[in-house]
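Working notes, structure below.
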Amino acid sequence: MNLPDLYRSWSALGMLMAVWGAGFALRAADDARKPVAVLTTVYRHNSHADVIASRLVLTDMLDGTGKESPLRIASAYVEQRPPNDISRLLAASHRFRIATNIADALTLGTGRLAVEGVLLIAEHGDYPRSASGNTRYPKRRFWDETVSVFRQTGRVVPVFVDKHLADNWEDARHIHATARELGIPLMAGSSVPGSWRFPPVDVPRGEALEEVVVLSYGSTDHYGFHALECLQALVEQRRGGETGIRSVRSLHGGAVWKHLGGGEGGAGVPTDLLEAALGTLSTPTVAVRDLGARVEKPILWRIEYADGLKASVLELNGAIQGWAGAWRTRGADRRISAARFWTQEARPAAHFTLLLHGIERMMLTGKPSWRAERTLMTSGLLDALLQAGVRGESPLETPWLNWGYASDWRWQQPPPPPPSRPWGEQ
């Protein structure tokens, strides 16, 4: 039986109600947990709404056996309801409101702001694509309707925006600027930068960097964003912090191979960094010379920072599955380090637990666990790179990204992940 049939089956419904309702006895102290509103496009099994927000009702193990969150779902606004929607089932078994609109989700029908935080999760669903290939999720619309309630009620609460702030620079800048204007604690971003790294290495704070290579796979806009967040989490640690991005370039197909190694008069993707990153992902290691035979549609993003740092992001579907990075320091030794960014590609997808821990800290303290400027930069960077891919191989100047910020976030290796379960299981 497939998942849509499973969720439509009354016998399965009874079973799931029993599992998800098992925590009722633990919820006598619900009033002590901070109520949050979930604003999402789609709420189905293994969607981002599920692997983030369901942890507030199903514990961090997503099956009722793990650690309780200090947050609780007070309401959910779910814009699209496919046959495998689980929001109504969860609402019935865990007693939260299914809202008819965003204002209702935030006020719970009281006319005042009745939640202490907002999870804005727009990552799935039937939405159009932009001319450059980015999915146009309604993040700005969700945000503006949320801000309208803040203005009307005279109060703001922390907001977490899943993944990029928006699919285009103008909307991302609007969201960030509005948060600053109204003093809204704002976080956003990917679950990957804070996940496990193998080996467990990071750019030392204040290290001078010369060049960085990041490897990616999967869909260009969705998974490419994760790659850019990994890149930015590394380079924002460098000496001087983030200084801004001067230009980007996007290469596709056979043009990619011409820019490996000594291409462009020695200015191509450094082979030693590419080999180091590949070496963290697979056993036996995929050789650089074999990439052309294994990768049918390579993509190379070249990024030039204002301080001279150069970065390359390679999408290598067919050769790798995962994200990895390698970087070289400046100086006499020009030291190379490399790591895989590991995520638990199975239930309970524990890298989302790590993400949730950061969200919880902000909701409890009102202080973001990391700066939204990182994701403002990566949102604009993804938009620019996709635009560059449409324009051709020539560099695209990015004066709107030529600004800096300082990060006080530091990566630490998390405790070992819990055992994996198949994606289809609860």
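The values are calculated or read from the model by the stated rules, or taken from the named source; none is laboratory data. In this text the structure is predicted, and so the values were computed from the model without any measurement. As a convention, Cβ positions derive from the backbone with ideal geometry for all residues, glycine included, and neighbour counts pool all protein chains shown.
Scanning the range 120-169 for residues being assigned to a strand (DSSP E or B), closer than 28 Å to Pro83 by Cα and in contact with a helix residue (DSSP H, G or I) (Cβ under 7 Å, 6 or more places away or on another chain) gives a total of 7.
Of the listed requirements (1) in the same structural domain as Gln321 (by TED's automatic domain parsing); (2) part of a helix (DSSP H, G or I), Ala179 misses just one: (1). Of all residues in the range 195-219, those that are in a loop (DSSP other than H, G, I, E, B), under 15 Å from the mean Cα position of the chain (by Cα) and touching a residue at least 24 places away in the same chain (Cβ under 8 Å) total 3.
Within the range 220-235, is there a residue that is surrounded by fewer than 23 Cβ atoms within 10 Å (Cβ to Cβ) and assigned to a loop (DSSP other than H, G, I, E, B)? So far as the range 220-235 goes, no, none of its residues is surrounded by fewer than 23 Cβ atoms within 10 Å (Cβ to Cβ) and assigned to a loop (DSSP other than H, G, I, E, B). Hey, among the residues in the range 392-426 that are in contact (Cβ under 8 Å) with a residue 60 or more places away in the chain and part of a helix (DSSP H, G or I), which one's surrounded by the fewest Cβ atoms within 10 Å (Cβ to Cβ)? Only one residue tops the list, namely Trp400.
Here Ala311 clears all of (1) within 23 Å of Phe341 (Cα to Cα); (2) outside any strand (DSSP E or B); (3) of a type in the set (A, V, I, L, M) except the condition numbered (2).
Considering the range 74-119 alone, what residues qualify as being in a strand (DSSP E or B) and buried (at least 22 other Cβ atoms within 10 Å of the Cβ)? Correct list: Ala74, Ser75, Ala76, Tyr77, Val78, Val118, Leu119. Could you check, for the range 112-127, whether at least one of its residues is within 17 Å of the chain's Cα centre (by Cα) and free of Cβ contacts under 8 Å to residues at least 40 places away in the same chain? No, the range 112-127 contains no residue that is within 17 Å of the chain's Cα centre (by Cα) and free of Cβ contacts under 8 Å to residues at least 40 places away in the same chain. When the test is whether a residue is of a type outside the set (Gly, Ala, Ser), modelled with pLDDT of 95 or more and not assigned by TED's automatic domain parsing to the domain that holds Leu251, Ile359 passes it.
When the range 120-140 is filtered for residues that are crowded, with 18+ Cβ neighbours inside 10 Å and of a type in the set (A, V, I, L, M, F, W, C), the ones remaining, listed by number, are Leu120, Ile121, Ala122. Inside the range 338-348, residues that are under 29 Å from Gly424 (Cα atoms), hydrophobic (A, V, I, L, M, F, W, C) and either surrounded by fewer than 22 Cβ atoms within 10 Å (Cβ to Cβ) or touching an Asp or Glu at 6+ places or on another chain (Cβ under 9 Å) (or both) make up a count of 2.
Screening the range 317-337 for residues that are in contact with a helix residue (DSSP H, G or I) (Cβ under 8 Å, 6 or more places away or on another chain) and within 30 Å of Asn46 (Cα to Cα) and picking the one that is surrounded by the fewest Cβ atoms within 10 Å (Cβ to Cβ) gives Gly318.
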